[in-house]
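Novice: Sending over a structure as structure tokens; questions will come in a sec.
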Amino acid sequence: MSVTVNTENNVFLLSTASTSYAFGVDDRGLLRHLYWGKKLPSAEELEVPSLTEVSTNDPVFEITPGEFPVHGGLRYKEHCLKAAFADGTRELVYQYCGYDVEQEENWEKLVVHLKDDHYEFCIDLQYLLYPAYDLMERSVVIRNQTESPVRIDRIHSAQLHIPYENLNFSNVHGHWGAEQQRFTQKVSYGKIVIENRRGISSHNHNPYFILDRDATETSGEVYFGALRLTGNFKGIVEQTPYGETLVQMGLNDHDFTLELTPGESFQAPGLLFGYSDSGFETMSHNLHHFARKELMRQELKPVLYNSWEATEFHVTSQEQIKLAHKASEMGAELFVLDDGWFGERHSTQNGLGNWYVNEGKFPNGLEELVDAVKGLGMKFGIWVEPEMVNPKAQLYQQHPDWIYHYETRVTDTSRVQYVLNMTKPEVREFIYNMLDNLLTRYDIDYIKWDANRPISQTGPQTDIWCKHIQTIYQVVTELKKKHPDVLFEACASGGGRIDYGILGIFDDFWTSDNTDAYDRLYIQDSYSTVYPIKAMRAWVTDCPNFLSGRVIPLTFRYHSAMMGSLGVGCNILKFSPEEMELSQRMISQYKQIRPVIQDGDFYRLENPSANGYFLYEYLKDDQGVIFAFLPQSKVGHRGTTVRLRNLEENEAYTVYTSQGEVVKSGSYLMYHGLPLRLAGDYASAVIRFEKKHTQKG
């Protein structure tokens, strides 16, 4: 059992493979956090200590490490739940009412029941344990059983306690074209707040936290958590005056209230969290394993060709068919028709909302292109932006009330488009039917779902920030029930929807509109700390790169993109014979190593050289791949040493280098390492290795 309850002391101990988490019920009926860290043997030694206030300015509620702090009374610290009752009371006073335990094959769940001591308002704290992945997940369900509405002004999924000060906090910052820029800062007094207020979750920050005690990839204590929410989130990290560090994560309370009608309930998004005493690598592997095994489809992702950079809005059936022939010749398995195929879509000015095939561009219908792609042995994908509408579009002219707006204000446009109010039943029905008709009429295997502007002017509603994305989840979930083989890619003006809320409902992340192969090394490295490689779409595109202006060799561009789910976005009609031949070789190589890349464990290797190498390892069973990049040779042209990880010390491994095969022991490869020297600028190498199997005579 992963859940142990000491009924004598009212203590709950939750344990996974190497981690324990404990809390108890104190003499006031309040939940008190007790422990989070390395695994404890039993709950018998845990006690709920008595606390006294330091002074009248340090009331006991401030000192007490509350498991789920609520608003009210002598509580001035951050709280997870704030509610307003019909009589004007804006305070919660809960009492412990018992617990339930549920068990399934891959998880165990503890539900702790709390209830307000005056109102029929219930709070269920949920703790999901995933022993196989050394992870837990916290959430909260609130239920209004009064006879009047209850207004929720704030709801966070959990508060977590780390029993240390002066920790290092890591997350990412960024903007369009520069997402996933990792930063680390020291936690001291004051509060660190990460958040999104735009309705798109991850351009600026990402909904996760990492707190460490000077950890490295392979050593040191790391506390981490990832919120399963797409949209407006908030995370708060605070070092308290009482010797601990608190973390809260949940729905952003910016411009947010939620009304619970009588009998209504609401569940906050889950917070996946875990602990590692062996550095960041263990953290990444636990999250990656969970994502691949529990959230994602098990089949390998196809090599994708996308036509956007080749044609942009100037789409024609014949030009797309030419691209499809070249893509097939190159080795692509999925052809994706991007923006410009529908309505009067010749630029950003019009078309969104008019989801019919443009007859001028496709005089024989979309079937002509689909049949051509299928005839070449490829799958077919298509781009949509269902949440948006152009002012000139017929949809808006017919239904101007379908967008987020205020009656007395001029409605904002961004990228010449409005945002449809997804919370309206008629809008939701329109979007579902449009996509269902598209998938039913045409043999489509892949949907690239884009969202190219933030949400604003939401009207009188103050709950749309969570209900908008809930509607998207519901629409895609229902579509997948009817069209179970269709893959969905989460794209939001680049990497704006990368989170554990959307993963599993959608199948791929578009990582960034920045496809510069050098910039992508940084973006992909930061992405890998929390999110699985298999969901990371990475493209090879033309040079000079449209964003950076860099000219990078095609081999380096392929190697950079081969680190995830490979795609190509070049104008391949302009490829020289040499570029086509190189592309064929690279795609063929990727297909050979794809099982290791997409389903293997990912390692960020140390670079001991003064030269700026990027070194990575993928390992699956007996097969492995090394990626090495040298963007620029520095003075001295030094080589590096590649020290691999997690090999079997006493086994022999064959390494397939450019100079031939090398056979070395696992010990040698991990501790001595492989010498490697790349030369010039934008040099790269992909090196395969495998465990050597001795034939028995």
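Novice: Which value, in Å³ per residue, describes the convex hull spanned by the Cα atoms of segment 420-487?
Specialist: Values: hull volume 5.9 nm³, N = 68.
Cα-based convex hull of segment 420-487, divided per residue, equals 87 Å³.
Novice: Quick check: pseudo-label points 7 Å beyond the Cα along Cα→Cβ at GLN185 and HIS314, how many nm apart are they?
Specialist: It works out to 4.6 nm between the two label points.
Novice: Using the per-residue mean of other Cβ atoms lying within 10 Å as a proxy for protection, in what order, highest first, do the peptides 623-629, 221-227 fall?
Specialist: Working: 623-629: 22.0, 221-227: 25.6.
The peptides rank, most packed first, as 221-227, 623-629.
Novice: Quote to one decimal, in nm, the extra length available between ASP443 and GLN474 on full extension: 0.36 nm per residue of separation minus the C-alpha distance between them. Before the final figure, lay out the partial values.
Specialist: Values: separation 31, 0.36 × 31 = 11.16 nm, distance 2.24 nm.
Gain in length upon complete extension: 8.9 nm.
Novice: Would you work out which of ASN57, CYS80, VAL3 lies farthest towards the positive end of the dipole of segment 1-136? Charges go on Cβ: Lys and Arg +1, Asp and Glu -1.
Specialist: ASN57
Novice: Which semi-axis lengths, in whole Å and largest first, follow from the square roots of five times the eigenvalues of the Cα gyration tensor of segment 387-543? Let's see the in-between values first.
Specialist: Numbers: eigenvalues 160, 80, 47 Å².
Over the Cα atoms of segment 387-543, the ellipsoid semi-axes are 28, 20, 15 Å.
Novice: If the only charges are +1 at each Lys and Arg Cβ and -1 at each Asp and Glu Cβ, what is the size of the charge dipole of segment 348-439 around the Cα centre, to the nearest 20 debye?
Specialist: Details: 8 positive and 12 negative charges, 47 e Å.
It comes to approximately 220 debye.
Novice: Can you bin segment 308-393 into rounded, prolate or oblate? Criterion: square roots of the alpha carbon gyration tensor eigenvalues sorted a ≥ b ≥ c, rounded for a/c under 1.5, prolate for a/b above b/c, oblate for the rest.
Specialist: Working: a/c = 2.18, a/b = 1.95, b/c = 1.12.
Prolate.
Novice: Please tell me the relative contact order of segment 420-548 in percent, rounded to the nearest whole number, where contacts are Cα pairs under 8 Å and at least six residues apart.
Specialist: Working: 130 pairs, mean separation 28.4, N = 129.
With pairs under 8 Å counted, the relative contact order is 22 percent.
Novice: Between ALA132 and LYS620, take the C-beta separation as r, use R0 = 22 Å, and let me know the FRET efficiency to the nearest 0.05. Don't skip to the answer; put the middle values down first.
Specialist: On the way: r = 17 Å, r/R0 = 0.79.
Given R0 = 22 Å and the Cβ-Cβ separation, E is 0.80.
Novice: Report the paramagnetic label zone for ASP27: residues of segment 61-105 whose backbone N is under 20 Å from a point 7 Å from Cα along the Cα-to-Cβ axis.
Specialist: The answer is 61-67, 74, 94-97, whose backbone nitrogens lie closer than 20 Å to the label point.
Novice: Starting from the 7 Å offset along Cα-to-Cβ, what nm value, one decimal, do you get for the label separation of VAL111 and GLU91?
Specialist: 3.0 nm
Novice: Where does each of 92-104, 143-155 land if you order them by average Cβ count within 10 Å, highest first?
Specialist: Details: 92-104: 14.2, 143-155: 17.8.
Descending mean neighbour count gives 143-155, 92-104.
Novice: What is the P(r) of segment 1-143, as percent of Cα-Cα pairs per 10 Å bin from 0?
Specialist: Distribution as computed: 11, 39, 34, 14, 2 percent.
Novice: Taking amide H positions as placed 1.01 Å from N in the peptide plane, with prolines and chain starts having none, which residues 5 or more places from GLY66, or on another chain, fall under 5 Å of its amide H?
Specialist: Those qualifying (amide H under 5 Å, at least 5 residues apart or on another chain) are HIS33.
Novice: Let me know the charge dipole size of segment 167-227 about its Cα centre in debye, to the nearest 20, where only the beta-carbon of Lys, Arg (+1) and Asp, Glu (-1) is charged. Walk me through the numbers before you get to the answer.
Specialist: Details: 6 positive and 6 negative charges, 60 e Å.
I would put it at about 280 debye.
Novice: Then there is this: Restricting attention to the alpha-carbon atoms of segment 30-112, what are Rg (one decimal) and Dmax (integer), both in Å?
Specialist: Reported Rg and Dmax, both Å: 16.3, 50.
Novice: Moving to a separate point now. Could you compute the FRET efficiency for LYS574 and VAL416, with r as their C-beta to C-beta distance and R0 at 22 Å, rounded to 0.05?
Specialist: Numbers: r = 30 Å, r/R0 = 1.34.
E(calc), rounded to 0.05, equals 0.15.
Novice: Quote the charge dipole size of the chain about the Cα centre in Debye, to the nearest 20; the model charges only the Cβ of Lys and Arg (+1) and of Asp and Glu (-1). Walk me through the numbers on the way to the answer.
Specialist: Values: 66 positive and 93 negative charges, 388 e Å.
Here the chain has a charge dipole of around 1860 debye.
Novice: Using the charge dipole of the chain (Lys, Arg: +1 at Cβ; Asp, Glu: -1 at Cβ; taken about the Cα centre), state which of GLY612, ASN168, ASN358 has its Cα farthest towards the positive end.
Specialist: GLY612
Novice: Take the Cα pairs of segment 238-358, get the Kirkwood Rh, then feed it into Stokes-Einstein at 37 °C and 0.692 mPa s and tell me D in µm²/s. Walk me through the numbers before you get to the answer.
Specialist: Numbers: Rh = 20.6 Å.
Answer, rounded: 160 µm²/s.
Novice: If you take every residue apart from ILE523 with its C-beta less than 10 Å away from the C-beta of ILE523, what net charge results, scoring Lys and Arg +1 and Asp and Glu -1?
Specialist: Numbers: positive: ARG182, ARG520; negative: GLU179, ASP516, ASP519, ASP525.
Residues near ILE523 contribute -2 overall.
Novice: While we're on this one: Pick out the long, greasy-scoring helices in the chain: whole DSSP H runs spanning 15 Å or more along their own axis by Cα, mean Kyte-Doolittle at least -1.0.
Specialist: On the way: long enough: 279-290 (18 Å, -0.60); 317-330 (20 Å, -0.91); 425-441 (24 Å, -0.31); 464-482 (27 Å, -0.25); 517-528 (16 Å, -0.87); 577-599 (33 Å, -0.94).
Qualifying helices: 279-290, 317-330, 425-441, 464-482, 517-528, 577-599.
Novice: May I ask for the equivalent-ellipsoid semi-axes of segment 62-149, computed as the square root of five times each C-alpha gyration tensor eigenvalue and listed largest first in whole Å? Each step should come with its number before you reach the end.
Specialist: Numbers: eigenvalues 153, 54, 20 Å².
Equivalent ellipsoid of segment 62-149: 28, 16, 10 Å, largest first.
Novice: Now for a separate question. Starting from the Cα gyration tensor of segment 521-656, multiply each eigenvalue by 5, take the square root, and state the resulting semi-axes largest first in whole Å. The partial results should precede the final answer.
Specialist: On the way: eigenvalues 133, 74, 45 Å².
Rounded to whole Å, the semi-axes are 26, 19, 15.
Novice: Here's another thing I want to ask about it. If a/c stays under 1.5 just call it rounded; otherwise compare a/b with b/c (prolate if a/b is bigger, oblate if not). Do that for segment 119-271, with a ≥ b ≥ c from the square roots of the Cα gyration tensor eigenvalues. Write out the running numbers ahead of the final one.
Specialist: Details: a/c = 1.95, a/b = 1.56, b/c = 1.25.
Judged from the Cα gyration tensor, segment 119-271 comes out prolate (a/c at least 1.5, a/b above b/c).
Novice: Restricting to Cα pairs below 8 Å that are 6+ residues apart, what does the relative contact order work out to for segment 310-464? Please round to a whole percent.
Specialist: Values: 238 pairs, mean separation 38.2, N = 155.
Here the relative contact order equals 25 percent.
Novice: Which value results when the Cα radius of gyration for segment 330-452 is divided by 2.2 N^0.38 Å?
Specialist: On the way: Rg = 15.7 Å, N = 123, 2.2 N^0.38 = 13.7 Å.
So the Cα radius of gyration is 1.14 times the expected 2.2 N^0.38 Å.
Novice: If R₀ is 45 angstrom, what is the calculated FRET efficiency for the pair SER658 and ASN9, using the beta carbon separation as r and rounding to 0.05? List each step's numbers first, then the result.
Specialist: On the way: r = 64 Å, r/R0 = 1.41.
The calculated FRET efficiency here is 0.10.
Novice: Looking only at Cα atoms, what is the convex hull volume of segment 13-77 per residue, in Å³? Don't skip to the answer; put the middle values down first.
Specialist: Working: hull volume 6.5 nm³, N = 65.
So the per-residue Cα hull volume is 99 Å³.
Novice: So what's segment 582-697 giving for Cα Rg divided by 2.2 N^0.38 Å, two decimals? Don't jump to the answer; show the numbers that get you there.
Specialist: Working: Rg = 14.5 Å, N = 116, 2.2 N^0.38 = 13.4 Å.
Normalised Cα radius of gyration, segment 582-697: 1.08.
Novice: Continuing with this model, one more query. Over the alpha-carbon set of the chain, work out the extent along each principal axis and list the three values in angstrom, largest first.
Specialist: Projected onto the principal axes, the Cα atoms of the chain cover 79, 72, 51 Å.
Novice: Calculate the translational D of segment 188-279 in whole µm² s⁻¹ from Stokes-Einstein, where the hydrodynamic radius comes from the Kirkwood formula applied to all Cα pairs, the temperature is 37 °C and the viscosity 0.692 mPa s.
Specialist: On the way: Rh = 14.8 Å.
Rounded to a whole number, D works out at 221 µm²/s.
Novice: So what's Rg/Rh here for segment 265-315, counting alpha carbon atoms and using the Kirkwood radius for Rh?
Specialist: Values: Rg = 18.8 Å, Rh = 15.2 Å.
For segment 265-315, the value is 1.23.
Novice: Under a point spin-label approximation (7 Å from Cα along Cα-to-Cβ), what is the THR218-TYR356 distance to one decimal in nm?
Specialist: 6.3 nm
Novice: Å³ per residue of the Cα convex hull, for segment 571-630?
Specialist: Working: hull volume 7.1 nm³, N = 60.
About 118 Å³ per residue, rounded to a whole number.
Novice: Name the residue farthest towards the positive end of the dipole of segment 107-216 from the options ILE152, LEU211, VAL193, assuming +1 on Cβ of Lys and Arg, -1 on Cβ of Asp and Glu, about the Cα centre.
Specialist: VAL193
Coordinate-derived values only; no laboratory data. Please read all numbers here as calculations on a predicted model, not as lab measurements. As a convention, Cβ positions derive from the backbone with ideal geometry for all residues, glycine included, and neighbour counts pool all protein chains shown.
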